[in-house]
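Asker: Got a structure here, written out as C-alpha cells. Questions coming.
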Amino acid sequence: MTDISVEVCGLRLRNPTMLASGVLDETARSMLAVAKSGAGAIVTKSIGIEPRSGHPNPSVVELEDGLLNAMGLPNPGIDLFSKEVKEARKGGVPIIGSVFGGTEEEIAELAGMMAEAGADAVELNLSCPHAKGYGAELGSSPERVETSCRLAKRACGVPVFAKLTPNTSYIAELAKAAERGGADAVVAINTLKGMAIDPEAGMPILGNRFGGLSGPAIKPVGIRCVYEIYESVEIPVIGVGGVTTGRDAVEYIMAGAQAVQLGTAVWIRGEKVFREVCREISQFMKENGYDSVKEMLGVAHSGRH
Ligand code: RRO
C-alpha cells in the first residue's frame with residue numbers, strides 16, 4: 001500500500017484519519033478497539049471538570065443523510081476520565097484529549113489536566129452548537145477563542161487544537177483568533193445547528209429541541225470552511241464534517257486539511273471504515289499519480305480561480 005502517513009504538529013500518524021470527538025471515545029476499551037481498527041489518532045469525548053449526564057432523551061435523530069444529536073456533553077468528568085486516557089494510550093496511536101468549559105480559565109485548566117493524564121495533544125471544543133453556557137456561545141467570540149488558546153497553551157506542554165464552530169459567518173476570523181492565541185492547529189467543523197419536528201406529534205423530536213447535524217449532508221460546508229481557513233492562517237487545519245469515503249478525505253486534503261476526522265462515518269460504515277477509507281485514499285493516489293498525502297495538500301487553491 002502507498003505510504004499515507006502524515007505528521008501534524010509533531011504528531012506522527014500512520015494515516016490521516018482520526019476518530020472525531022463524540023463517537024466510541026468515552027472509555028479506554030472503545031478507544032483501544034478503534035485504534036486496532038486502523039485510525040491514525042483518536043480524539044476523546046469532550047470532557048469537563050464535573051460529571052454530566054447530558055440532555056434529556058431523545059438525544060439523537062437518524063436522518064436520511066446524517067444524524068442530528070443533542071447529547072448535551074455527557075461525560076464522567078476529568079478525574080475519572082484521566083484513567084481512561086492513560087489506558088487508551090496503550091493502543092499505540094496519539095490520543096487527543098477534547099475538553100470543554102464555561103470560561104477561558106476552566107478550558108485552560110482542563111487542557112492542563114488532560115496533558116497531565118497523558119494526552120498527546122488537546123482539542124479545545126469551542127463549538128458545541130447546543131449546550132447553554134458552553135461551546136459555541138464562547139467560541140463565537142474571536143476574543144474568547146484567542147484567550148482560551150493563549151491560556152490553554154500556558155497550561156500545557158502539548159499541541160493545542162481549537163475546534164471551531166461553523167454556525168457563524170466568520171469561521172476564518174475565529175481561526176485567525178486561535179492562531180493569535182498560539183493554537184498549534186484548528187479543527188473545522190463541529191456540527192451545524194439544526195432541528196427536527198415530528199409532524200404527528202406536532203413537536204420537536206429532540207429532548208433539547210435543537211441539536212447538531214453531522215454526516216454526509218454537511219460535507220460541502222466543512223470543505224468550504226477548511227478552504228477559507230487555509231487561505232487565512234499558517235497553522236495546520238484538520239478537517240471534519242461528513243467524511244465517509246476516501247474521496248471525501250481527499251477533498252478535505254485538497255481544500256487544505258492535513259488530516260481528517262470521522263465520526264458519523266463510523267455509524268454508517270462501522271469501525272472498519274478507517275481501514276477502508278485508508279485503502280480508498282491509497283487507491284486514489286495510485287490512480288492519480290500522488291506519492292504522498294502532502295503532495296495533495298491544498299492543491300485546490302492553485303487550480304481554478
Ligand atoms: O455532546 C454533544 O451534544 C455534542 C458536542 Br460536546 C459537540 O461538540 N457537538 C455535538 O454535535 N454534540
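The values are calculated or read from the model by the stated rules, or taken from the named source; none is laboratory data. It should be emphasised that the depicted structure is a prediction, and the values quoted were computed from it without experimental measurement. All Cβ positions, even for glycine, are placed from backbone atoms using ideal geometry, and neighbour counts span all protein chains on display. Heavy atoms of the whole protein, side chains included, go into the accessibility calculation; ligands, DNA and RNA do not. Shrake-Rupley method; radii C 1.70, N 1.55, O 1.52, S 1.80 Å.
Asker: Within the range 181-207, track down each residue that is farther than 30 Å from Tyr252 by Cβ and either small (Gly, Ala, Ser) or touching a Gly at 6+ places or on another chain (Cβ under 6 Å) (or both).
Answerer: Ala201, Gly202, Gly207
Asker: Output the number of residues of the range 11-47 satisfying the condition of being within 27 Å of Gly102 (Cα to Cα), of a type in the set (S, T, N, Q) and open to solvent by less than 10 Å² (accessible area, probe 1.4 Å).
Answerer: In the first step, residues of the range 11-47 are kept if they are within 27 Å of Gly102 (Cα to Cα); the result is 18-28, 31, 41-47.
Next, only the ones that are of a type in the set (S, T, N, Q) stay: 21, 27, 44, 46.
With open to solvent by less than 10 Å² (accessible area, probe 1.4 Å) added as a condition, the list becomes 44, 46.
The qualifying residues number 2.
Asker: Within the range 246-255, how many residues are touching an Asp or Glu at 6+ places or on another chain (Cβ under 8 Å) and open to solvent by less than 10 Å² (accessible area, probe 1.4 Å)? Give the steps one after another, and end with the answer.
Answerer: From the range 246-255, those touching an Asp or Glu at 6+ places or on another chain (Cβ under 8 Å) are 246-247, 249; that's our starting set.
When the remaining residues are screened for being open to solvent by less than 10 Å² (accessible area, probe 1.4 Å), the result is 246, 249.
The number of residues fulfilling the criteria is 2.
Asker: Can you name every residue in the range 172-199 that is assigned to a helix (DSSP H, G or I) and crowded, with 23+ Cβ neighbours inside 10 Å?
Answerer: So the first thing to find is which residues in the range 172-199 are assigned to a helix (DSSP H, G or I), and the list is 172-180.
Hits for the range 172-199 are Leu174, Ala175, Ala177, Ala178.
Asker: Which count do you get for residues in the range 66-89 that are touching a residue at least 60 places away in the same chain (Cβ under 8 Å) and loosely packed, with under 14 Cβ neighbours inside 10 Å?
Answerer: Step one: filter the range 66-89 for residues touching a residue at least 60 places away in the same chain (Cβ under 8 Å), giving 66-70, 72-73, 88.
Checking the rest, the ones that are also loosely packed, with under 14 Cβ neighbours inside 10 Å come to none.
Here the count works out to 0.
Asker: Identify all residues within the range 256-291 that are more than 23 Å from the chain's Cα centre (by Cα) and open to solvent by 10 Å² or more (accessible area, probe 1.4 Å); write none if there are none.
Answerer: To start, the set of residues in the range 256-291 that are more than 23 Å from the chain's Cα centre (by Cα) comprises 283-291.
Across the range 256-291, the qualifying residues are Gln283, Phe284, Lys286, Glu287, Asn288, Gly289, Tyr290, Asp291.
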